[in-house]
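A short reminder: the numbers here are calculations on the coordinates, not readings from a lab. Please read all numbers here as calculations on a predicted model, not as lab measurements. Positions of Cβ are generated from backbone atoms using ideal geometry, with glycine treated the same way; all protein chains shown enter the neighbour counts.
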Amino acid sequence: MDRDAGSVEQALNSGDVHEVLKVWEDFNNGETWREMTATGSDRARAAAAQFLTEVREVAALEALRANARAVELLTGRRWYVIKSAREAGATWAQIGEALGITKQAAHDFYRRKIEEQEKYLPDLHDAAAARGA
């Protein structure tokens, strides 16, 4: 259990979205198998109990932290995918549609991210190239 708690904490503190999503998935798998042990047939309960021994234990609050961290990581990386889409010829309307937002909201998000990078990472970011996209 302590090993699981440590690995969950390590995943949540990582910058690796795959590790964070694995925490989320482990919680959901555990919930599914626990439900099966409570409601399934004898055979299903035995199989579920076996699967539970193989699933990392993740508390609900840890799963919520994983969800928030995954959203944070994915949203933080969205700007460069937008840049790639623009460089590939996508319109702001198409980008907005893909994100489920308006074209103006997509453009505003992208512009804000460029401004943040200029402010906090001026030596690591080519703002002119990003604006040209």
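Answer with one residue from LEU73, LEU12, GLY89: the one whose Cα lies farthest towards the positive end of the charge dipole of the chain, charges on Cβ with Lys, Arg +1 and Asp, Glu -1. It is GLY89. Scanning residues 5 or more positions from SER14 or on other chains, none has an amide H under 5 Å from its amide H, with H placed 1.01 Å from N in the peptide plane.
Of all lysines in the structure, the ones whose alpha carbon falls short of 19 Å from that of LYS113, not counting any fewer than 8 places away in one chain, are LYS83, LYS103. Calculated mean residue ellipticity, 222 nm, the chain: -26500 deg cm²/dmol, from DSSP H runs (n ≥ 4) at -39500 (n - 2.57) each, averaged per residue and rounded to 500.
For the stretch 61-72, backbone phi angles converted through the Karplus equation (6.51, -1.76, 1.60; θ = phi - 60°) give residue-by-residue couplings of 5, 5, 5, 5, 4, 5, 4, 4, 5, 5, 4, 4 Hz, Gly and Pro being listed as x. Given the alternatives (i) 41, 18, 10; (ii) 37, 17, 10; (iii) 20, 19, 12, semi-axes √(5λ) of the Cα gyration tensor in Å as computed for this entry is given by (i).
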